[in-house]
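Read through the structure below, which is laid out as structure tokens, and then see the notes.
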Amino acid sequence: MNPEVEILLIAVVTSVACALPGVFLVLRRLALVSDAITHAILPGIVVAFFLTGSLTSPLLVVAAAATGVLSVVLIEAMHRTRLVAEDAAIGLVFPAFFSLGVVLVTRWAGKVHLDTDSVLLGELAFAPFDRFIVGGVDLGPVALWMMSGILLLNLALIVVVFKELKLATLDPALAAVLGFSPVLLHYLLMTAVSVTAVGAFSAAGSILVVALMIAPPAAAYLLVENFKPMLLLSGGLGALGAVGGYGLARWLDVSIAGSMAVVCGLIFAGAFTFGPERGLVSQIRRRSAQRVEFAARLLAVHLLHHEGTMREAVECAVSNLNVHLGWPVPATRKAIAFTVARGLAFEEGPVLHLTEVGRRFAEDLSAGGI
Amino acid sequence: MEIFADWTLRVVALGAGLLGAVSGFLGSFAVLRRQSLLGDALSHAALPGIALAFLITGSKATVPILIGAAMTGWVGTLVVRLIVRRSRVPYDAALGLVLSVFFGLGLVLLTVIQKRPDAAQAGLETYLFGQAAALLRADVVVMAVVATVVLLVLMLAWKEMKVLTFDRAYGESLGLPMGRLDGLVTALLVVTIVLGLQTVGVVLMSAMIVAPGAAARQWTRRLGSMVTVAAGIGVAAGVSGAVLSSIVPRLPTGPTIVLILSGVVGVSLLMAPERGLVWRRLQLGRLRRRPRQEPVLMHLHALSLQHPDDPDHGHEVSVLRTMSPADIDVEGALTALAERGLAASDRRGLWAPTELGRREAQRTLKREADR
């Protein structure tokens, strides 16, 4: 396989593998735990690296993932003492772990080839150099095999305990009552996050794993209403972020991991702005539609109030309505257009009259309140 | 050479100490207001600003770089606020999103810089981990200025800060400018974090903000002393971290400071009087060992009600023992009550509640009735 295709494949697989557990993190308000785990795995990686001398050995994955889970245990223990708030516990634990890792690396930097930059930042472009060779046959880059394995593990976890995870995420109390252990599920999930973070750090770097875990699920959260679609869409958006990020990185010749994070951020920004139901644009549009509708209601009641009175010709004159209602001219014009378009009112010469439908509408409103 | 090294150490220690002081001041409020991780997001969001400032000015001069960092950090907090206000994405996810995406952008910009032919770019990566040894006298002067400004703001607006921290709505109802004060505090936090990037770096700056406040909180219940203790812890950790890393070879300053701070937090969580875990465990044991006094007092009170004319009429211990459940240590309880001045015995060893004890018993009865 040519190295570019390999890098792209690794990027996509990593991104999807991160997005799947990310869905649960976002829904369970554990997003920043991913930040903590990705930093806290550093001392585990360092120690395991001293022992094995390789960045891709299975022992390293196990040791580092164990450190990640340990950090979660510590955060929760600290939070349970009620001496510190949960966010403060996160902010205390991961820098301590990370500092420990940095000190370990710097103290023994001469003896090993591992620098903190590569852990923090990652470099996908180097991933294809580490080959998986069995019996002299080159089977492709190790990172690809490892991330595919982790992706399969995550998929298996989600498929096997899907309904338990779903229940524990959406209604933890009910899940506990029904006898699913929320603690067990929580730590299964945390283990999955840790393993994924360890697998992904060499490709994406600690901090960008956070982007891959949070941005696609957060975007999907704004686009769909159900659990399964959210999972599928998160995976899809993650893959899109990977492909887009790789393209951007190739085009500008910049860091692949960085541009993957940026593209994931852009995808979220897109969902945030243009999401069909919850996006900023449709929020604004809905609000202005509601404003016009409300104005039209007031207008209809105004027309009803003056209907058949001597002042009707004055009070309901199209050209004068803005004065009588005390509205700006454009708002008045929009409200009139809305009532006419809905068949609630019609213009007869200079005066606006209610239609039969409009009269009933206005009567209902003034009877039941606006 | 030795004098030069000494001088460098003095500058670094002074800088780290000042940073610790300011972090302690502002971090106390961040911890109390549950904004501990805002600092984390902010420090990551500053990275693209650092890179952008370098791309625009083409130099590593401190001031433009700090301005750039502060600007993108500020934009980051605004984006977090926008996301939380305008969508259902929760606060923590918004923080994580901004933190990682801004950092990714910074990384992209750094790689753009790395490709430029001019050699001046080297050293921008030090902002990731900080490089306290590279602190200059000018940096320390800037830090001292910021520390003074923070101290002045806290002193001039102390009660407003208090209201902002504990009951913002009340402050708003009083017509105090809560929004503006919040903005000012966030701005000061941005400046502090940006200054800290040079010393301890992006990743560890959040610990500088959280740890002194979280540790100080365990030792006191008053805001004034908490802020003071936090600043003290910050100074002590900053200075000792700087000194330690200069003595021990290949010990980076930032992580050393953070590890010292973590140690202080650990000790505080365990040892602090009244709140600490060890203290609480001792307290629990003392409570368990102390004889239960309330039922005995209630019985004494009930007995004394039988003698409305002579409230000090005494009763035998055996009467009280008969009235009480078997697991109550009646003698022990009586002794304890006597120590508290709630009961007294006469020459014949007959027990009666004192005036104070009767009032205490009535209070208990009333409390029960109210429930």
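The values are calculated or read from the model by the stated rules, or taken from the named source; none is laboratory data. All values reported here derive from a predicted model rather than from experimental measurement. All Cβ positions, even for glycine, are placed from backbone atoms using ideal geometry, and neighbour counts span all protein chains on display. Surface accessibility is based on the protein's heavy atoms, side chains included, excluding ligands, DNA and RNA. Shrake-Rupley method; radii C 1.70, N 1.55, O 1.52, S 1.80 Å.
Is one or more of the residues making up region A:146-165 in contact with a Phe, Trp or Tyr (Cβ under 6 Å, 6 or more places away or on another chain), closer than 24 Å to A:VAL210 by Cβ and in the same structural domain as A:PRO21 (by TED's automatic domain parsing)?
Initial filter on region A:146-165 (in contact with a Phe, Trp or Tyr (Cβ under 6 Å, 6 or more places away or on another chain)): A:164.
Add one more test, that the residue is closer than 24 Å to A:VAL210 by Cβ, and what stays is none.
No, because not a single residue in region A:146-165 is in contact with a Phe, Trp or Tyr (Cβ under 6 Å, 6 or more places away or on another chain), closer than 24 Å to A:VAL210 by Cβ and in the same structural domain as A:PRO21 (by TED's automatic domain parsing).
Would region A:37-58 turn up any residue that is without any contact (Cβ under 8 Å) to a residue 60 or more places away in the chain, closer than 21 Å to B:SER43 by Cβ and within 14 Å of chain B (Cβ to nearest Cβ)?
Within region A:37-58, one or more residues are without any contact (Cβ under 8 Å) to a residue 60 or more places away in the chain, closer than 21 Å to B:SER43 by Cβ and within 14 Å of chain B (Cβ to nearest Cβ).
Answer yes or no as to whether B:LYS115 is more than 14 Å from every other protein chain (Cβ to nearest Cβ) and without any contact (Cβ under 8 Å) to a residue 12 or more places away in the chain.
Working: more than 14 Å from every other protein chain (Cβ to nearest Cβ): no; without any contact (Cβ under 8 Å) to a residue 12 or more places away in the chain: yes.
No; evaluated as a whole, the condition is false for this residue.
Filtering region B:314-323 down to residues that are assigned to a helix (DSSP H, G or I) and not polar (S, T, N, Q), which residue is nearest to B:ARG358 (Cα to Cα)? Full working, then the answer.
Restricting attention to region B:314-323, the residues satisfying the condition of being assigned to a helix (DSSP H, G or I) are B:317-323.
So of that shortlist, the ones also not polar (S, T, N, Q) come out as B:317, B:319-321, B:323.
Working: B:VAL317: 18, B:VAL319: 18, B:LEU320: 16, B:ARG321: 19, B:MET323: 18 Å.
Out of the qualifying residues, it is B:LEU320.
Where in region B:156-209 are there helices (runs of 4 or more DSSP H), lying fully within it, with 3 or more residues that are away from chain A (no Cβ under 14 Å) and open to solvent by less than 60 Å² (accessible area, probe 1.4 Å)? Quick ask: steps written out before the conclusion?
Working: elements: B:158-166, B:168-173, B:178-199.
Answer list for region B:156-209: B:158-166, B:178-199.
Return yes when B:SER304 is over 30 Å from A:MET78 (Cβ atoms), in the same structural domain as B:ARG359 (by TED's automatic domain parsing), touching a Lys or Arg at 6+ places or on another chain (Cβ under 7 Å) and not in a loop (DSSP other than H, G, I, E, B) and no when it is not.
On the way: over 30 Å from A:MET78 (Cβ atoms): yes; in the same structural domain as B:ARG359 (by TED's automatic domain parsing): yes; touching a Lys or Arg at 6+ places or on another chain (Cβ under 7 Å): yes; not in a loop (DSSP other than H, G, I, E, B): yes.
Considered against the rule, which asks whether it is over 30 Å from A:MET78 (Cβ atoms), in the same structural domain as B:ARG359 (by TED's automatic domain parsing), touching a Lys or Arg at 6+ places or on another chain (Cβ under 7 Å) and not in a loop (DSSP other than H, G, I, E, B), B:SER304 comes out as yes.
Name the residue, out of A:LEU92, A:LEU9, that is out of contact with any strand residue (DSSP E or B) (no Cβ under 8 Å at 6 or more places or on another chain) and surrounded by fewer than 24 Cβ atoms within 10 Å (Cβ to Cβ). It would help to see each step written out before you state the result.
Working: A:LEU92 fails: surrounded by fewer than 24 Cβ atoms within 10 Å (Cβ to Cβ).
One residue alone meets the criteria, A:LEU9.
Given the criterion within 23 Å of B:VAL11 (Cβ to Cβ), among the hydrophobic types (A, V, I, L, M, F, W, C) and in contact with a Ser or Thr (Cβ under 6 Å, 6 or more places away or on another chain), identify the matching residue among B:ALA144, B:ALA132. Working first, answer last.
Numbers: B:ALA144 fails: in contact with a Ser or Thr (Cβ under 6 Å, 6 or more places away or on another chain).
The unique qualifying residue is B:ALA132.
State the number of residues belonging to region A:311-351 that are over 13 Å from A:LEU298 (Cβ atoms) and of a type in the set (A, V, I, L, M).
10
Every residue in region B:142-192 that is of a type in the set (Ser, Thr, Tyr) and within 18 Å of B:GLY232 (Cα to Cα), please. If you could, list the steps in order and put the result at the bottom.
Within region B:142-192, the subset of a type in the set (Ser, Thr, Tyr) is B:148, B:165, B:170, B:173, B:186, B:192.
Residues satisfying the conditions are B:THR148, B:THR192.
For region A:189-207, state whether one or more residues are open to solvent by 40 Å² or more (accessible area, probe 1.4 Å), at pLDDT 85 or above, more than 14 Å from chain B (Cβ to nearest Cβ) and more than 12 Å from A:PRO21 (Cα to Cα).
No; the residues of region A:189-207 include none that is open to solvent by 40 Å² or more (accessible area, probe 1.4 Å), at pLDDT 85 or above, more than 14 Å from chain B (Cβ to nearest Cβ) and more than 12 Å from A:PRO21 (Cα to Cα).
Hand me the list of helices (runs of 4 or more DSSP H) wholly inside region A:290-354 holding 2 or more residues that are crowded, with 17+ Cβ neighbours inside 10 Å. I'd like the intermediate steps shown before the answer.
On the way: elements: A:312-315, A:321-325, A:329-341.
Those helices (runs of 4 or more DSSP H) span A:321-325, A:329-341.
Here is a yes/no grid of residues against (1) over 17 Å from A:GLY205 (Cα atoms); (2) within 26 Å of the chain's Cα centre (by Cα):
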{"residue": "A:LEU42", "(1), (2)": "no, yes"}
{"residue": "A:PHE50", "(1), (2)": "yes, no"}
{"residue": "A:SER54", "(1), (2)": "no, no"}
{"residue": "A:LEU59", "(1), (2)": "yes, no"}
{"residue": "A:VAL72", "(1), (2)": "yes, yes"}
{"residue": "A:ALA77", "(1), (2)": "yes, no"}
{"residue": "A:ARG80", "(1), (2)": "yes, no"}
{"residue": "A:LEU83", "(1), (2)": "yes, no"}
{"residue": "A:ALA88", "(1), (2)": "yes, yes"}
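Are any residues in region A:20-36 assigned to a loop (DSSP other than H, G, I, E, B) and at the interface with another protein chain (Cβ under 9 Å from one of its Cβ atoms), and if so, which ones?
The initial filter retains those residues of region A:20-36 that are assigned to a loop (DSSP other than H, G, I, E, B), namely A:28-30.
Within region A:20-36, A:ARG29, A:LEU30 meet the criteria.
Name the residues in region B:214-232 that are farther than 11 Å from B:PHE25 by Cβ, within 14 Å of chain A (Cβ to nearest Cβ) and open to solvent by less than 30 Å² (accessible area, probe 1.4 Å), would you?
B:ALA214, B:ALA215, B:GLN218, B:THR220
Give me the pairs: first residue in region B:275-292 and within 11 Å of another protein chain (Cβ to nearest Cβ), second residue of a type in the set (Val, Ile, Thr), beta-carbon distance under 8 Å, and six or more apart or on different chains, which are they?
Matching pairs, first to second residue: B:LEU277/A:THR81.
This table checks each residue for (1) within 14 Å of another protein chain (Cβ to nearest Cβ); (2) touching a residue at least 60 places away in the same chain (Cβ under 8 Å).
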position	(1), (2)
A:LEU184	no, no
A:ALA220	yes, yes
A:VAL224	yes, no
A:LYS228	no, no
A:LEU233	no, no
A:GLY238	yes, yes
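On the given criteria, is A:VAL159 modelled with pLDDT under 85 and either of a type in the set (Lys, Arg) or surrounded by fewer than 20 Cβ atoms within 10 Å (Cβ to Cβ) (or both)? Spell out the reasoning first.
Details: modelled with pLDDT under 85: no; either of a type in the set (Lys, Arg) or surrounded by fewer than 20 Cβ atoms within 10 Å (Cβ to Cβ) (or both): yes.
Considered against the rule, which asks whether it is modelled with pLDDT under 85 and either of a type in the set (Lys, Arg) or surrounded by fewer than 20 Cβ atoms within 10 Å (Cβ to Cβ) (or both), A:VAL159 comes out as no.
Any residue at all in region B:54-64 that's among the aliphatic types (A, V, I, L, M) and either in contact (Cβ under 8 Å) with a residue 40 or more places away in the chain or within 30 Å of B:SER225 (Cβ to Cβ) (or both)? First the steps, then the outcome.
So the first thing to find is which residues in region B:54-64 are among the aliphatic types (A, V, I, L, M), and the list is B:55-56, B:61, B:63.
Now narrow it down to the ones that are either in contact (Cβ under 8 Å) with a residue 40 or more places away in the chain or within 30 Å of B:SER225 (Cβ to Cβ) (or both): B:55.
Yes, the conditions are met somewhere in region B:54-64.
In this structure, does A:GLY179 turn out to be open to solvent by 10 Å² or more (accessible area, probe 1.4 Å), more than 14 Å from every other protein chain (Cβ to nearest Cβ), more than 29 Å from B:ILE83 (Cα to Cα) and at pLDDT 90 or above?
no
Only residues that are within 14 Å of chain A (Cβ to nearest Cβ), at pLDDT 90 or above and open to solvent by 10 Å² or more (accessible area, probe 1.4 Å): list them for region B:233-255, please.
Hits for region B:233-255 are B:ILE233, B:LEU244.
Rundown of residues vs (1) within 7 Å of another protein chain (Cβ to nearest Cβ); (2) closer than 17 Å to B:SER100 by Cα; (3) touching a residue at least 12 places away in the same chain (Cβ under 8 Å); (4) touching a helix residue (DSSP H, G or I) at 6+ places or on another chain (Cβ under 8 Å), yes/no style:
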{"residue": "A:GLY245", "(1), (2), (3), (4)": "no, yes, yes, yes"}
{"residue": "A:TRP251", "(1), (2), (3), (4)": "no, no, no, no"}
{"residue": "A:GLY258", "(1), (2), (3), (4)": "yes, yes, yes, yes"}
{"residue": "A:ALA261", "(1), (2), (3), (4)": "yes, yes, yes, yes"}
{"residue": "A:PHE268", "(1), (2), (3), (4)": "yes, yes, yes, yes"}
{"residue": "A:ALA271", "(1), (2), (3), (4)": "no, no, yes, yes"}
{"residue": "A:GLY275", "(1), (2), (3), (4)": "no, no, yes, yes"}
{"residue": "A:ARG287", "(1), (2), (3), (4)": "no, no, no, no"}
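Is region B:314-325 home to any residue that is farther than 30 Å from B:GLY213 by Cβ, open to solvent by 80 Å² or more (accessible area, probe 1.4 Å) and touching a residue at least 40 places away in the same chain (Cβ under 8 Å)?
Start the filter on region B:314-325 by keeping residues that are farther than 30 Å from B:GLY213 by Cβ, which leaves B:314-325.
With the extra rule that they be open to solvent by 80 Å² or more (accessible area, probe 1.4 Å), the set shrinks to B:316, B:321-322.
Restricting the remaining residues to those that are touching a residue at least 40 places away in the same chain (Cβ under 8 Å) gives none.
The answer is no, given that none of the residues of region B:314-325 is farther than 30 Å from B:GLY213 by Cβ, open to solvent by 80 Å² or more (accessible area, probe 1.4 Å) and touching a residue at least 40 places away in the same chain (Cβ under 8 Å).
Conditions (1) at pLDDT below 85; (2) in a helix (DSSP H, G or I), marked per residue:
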{"position": "B:ASP312", "(1), (2)": "yes, no"}
{"position": "B:PRO325", "(1), (2)": "yes, no"}
{"position": "B:ILE328", "(1), (2)": "yes, no"}
{"position": "B:ALA338", "(1), (2)": "no, yes"}
{"position": "B:LEU356", "(1), (2)": "no, yes"}
{"position": "B:ARG359", "(1), (2)": "no, yes"}
{"position": "B:GLU368", "(1), (2)": "yes, yes"}
